[in-house]
1. For segment 479-567, please list each of the strands (runs of 3 or more DSSP E) lying entirely inside it that holds at least 3 residues being touching a strand residue (DSSP E or B) at 6+ places or on another chain (Cβ under 8 Å) and under 20 Å from residue 464 (Cα atoms).
2. With respect to residue 359, determine if the residue is closer than 21 Å to residue 325 by Cβ, free of Cβ contacts under 8 Å to residues at least 40 places away in the same chain and either in contact with a strand residue (DSSP E or B) (Cβ under 7 Å, 6 or more places away or on another chain) or more than 16 Å from ligand 1 (Cβ to nearest atom) (or both).
3. Only strands (runs of 3 or more DSSP E) wholly contained in segment 385-454 count here; list those with 2 or more residues that are in contact with a strand residue (DSSP E or B) (Cβ under 7 Å, 6 or more places away or on another chain) and within 13 Å of ligand 2 (Cβ to nearest atom).
4. Could you check how many residues of segment 443-454 are buried (at least 20 other Cβ atoms within 10 Å of the Cβ) and away from ligand 1 (no atom under 15 Å from the Cβ)?
5. If you scan segment 104-136, which residues turn out to be in a helix (DSSP H, G or I) and more than 19 Å from residue 490 (Cα to Cα)?
6. Spot the failing condition for residue 225; the list is (1) farther than 19 Å from residue 440 by Cα; (2) within 16 Å of ligand 2 (Cβ to nearest atom); (3) in the same structural domain as residue 171 (by TED's automatic domain parsing), and only one is missed.
7. Could you pull out the residue among 129, 152 that is surrounded by 14 or more Cβ atoms within 10 Å (Cβ to Cβ), in contact with a helix residue (DSSP H, G or I) (Cβ under 7 Å, 6 or more places away or on another chain) and farther than 26 Å from residue 23 by Cβ?
Ligand SMILES: [Zn+2]
Ligand SMILES: [Zn+2]
């Protein structure tokens, strides 16, 4: 079992090439459940690319930087590690006060509680002028609503703080070919609805740190722009688009919140709880979620997997592929941009025009076709052509992605999104790994608003590694008439404590109180008790359908406390005073005798002792 422990935590931006480190954040966590051993030198290190993009996006320039988060029980262990990976290091400079006062406004959109024990997402707007300030806060409220009151992250809402930071821009909108004069200098390349980069990441780091210690867990930049686009990595970047702003946001946040790779085909790497290299791996990773009796590979084959990003105004696009005629159904999924006009495009499979109705938006839109019949053995052709000149001057009319799969019959391939099994995924080199569902996860199907059960479970684990179900315990100073004392337990607002509108079926917090190691069942599930004198502990366990397996007991937190009489409280404090006096005297002695290097070590030890006590 993982035991809760204080932790020193540091977040650094690290360049592999020149070993330069920028220390973005340093803090101490009162409680961290991610340690896996009892080794006091244990380090937990998590790394992610500073800029990450789906395979469809070709990144401009090479960036080998990583964001490395380090958790250690001892400061000296953490510092030693940093010295081994950093050739040089510097600390993130804080923002000059002057800049903070100039057109910068912070609002807490969701106030979940103390940021030391919450996941903090910070949305920073780019390309909003002073006149657009109200619109910015409305946009962030809408995006937050879509994600947290909508289905995607609804059950995790009580774990979050959501911040919105308005920074006045002199121009409205972001750059369409290189950055404009906006605070975070967000821009697209060649107007395409793909990646959006920031040319001012240092400023974004500094602004985010204004939320205070532990207040900038997940920084996000939101472009004042109506179309699809973004990136993941150090900053989740997306737009305010009504149609696709949250599509990008929830998918890229997903990568950060669960540390998983994609579930769609044609990617470079697959990793995390939603990926397995073999059927045995499926059994080990999500065997407890399988819908069938045992692991079985779902029968599916890809025929076409491409990201053409081709301009249809310039030429028609055709794709050839072949089938062996051995499958029972086919499914075609593609995405296009600047195709909001009716009859603007035509899709032809083997000479047959496929029925298509534009949704009326020029944003990147996904369209699909499904047939309950297999393709004939032999060669096939799929083509797309533009029938009218595009009227959108900002973005090109493009076919962005196209994929065609053939499925076995329903016994061989379960098409429903709730079915959990072993579904093959092909990477860019056509090697197979497995994912849990057909299209039941937004890590595969960007337009889905749900994660699969396997990802949801992974998210609970990742969040509850660094935040505790227990916010605190307070013991009344004044005793009751019977000499008991009122004890109040403050927890996250989960289960029976969820606020109205945020309820989740079958979820509850199980609370158990023990006095001198003996469970006091009369206090089961109580958040306030009158406790007699002595040594107490309280355990809080989250019971939820979304977690079936919790080997490291991350869904449980235990706190110990003491209820003292007035007399023995004084006594207790006296003992403490005596101890600390002795410690001071000892420290002074040591200081006077030994060299300054050694005293530095003493300070370190002292500091560590304090952390371990917490
Ligand atoms: Zn992705
Ligand atoms: Zn998933």
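The values are calculated or read from the model by the stated rules, or taken from the named source; none is laboratory data. All values derive from a computational prediction rather than experimental measurement. Because the Cβ atoms are built from the backbone with ideal geometry, glycine has one as well, and the counts that use them run over all protein chains shown.
1. Counting at least 3 such residues, we get 485-491, 508-515, 534-543, 556-563.
2. Against the criterion (closer than 21 Å to residue 325 by Cβ, free of Cβ contacts under 8 Å to residues at least 40 places away in the same chain and either in contact with a strand residue (DSSP E or B) (Cβ under 7 Å, 6 or more places away or on another chain) or more than 16 Å from ligand 1 (Cβ to nearest atom) (or both)), residue 359 does not qualify.
3. Ranges flagged: 423-426, 432-435.
4. 2
5. Correct list: 130, 131, 132, 133, 134, 135, 136.
6. (2)
7. 152
Residue by residue, here is whether (1) more than 29 Å from residue 70 (Cβ to Cβ); (2) crowded, with 21+ Cβ neighbours inside 10 Å; (3) at pLDDT 95 or above; (4) not assigned by TED's automatic domain parsing to the domain that holds residue 535 holds:
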{"residue": "475", "(1), (2), (3), (4)": "yes, no, yes, no"}
{"residue": "479", "(1), (2), (3), (4)": "yes, no, no, no"}
{"residue": "482", "(1), (2), (3), (4)": "yes, no, no, no"}
{"residue": "488", "(1), (2), (3), (4)": "yes, no, yes, no"}
{"residue": "494", "(1), (2), (3), (4)": "no, yes, yes, no"}
{"residue": "497", "(1), (2), (3), (4)": "yes, no, yes, no"}
{"residue": "501", "(1), (2), (3), (4)": "yes, no, no, no"}
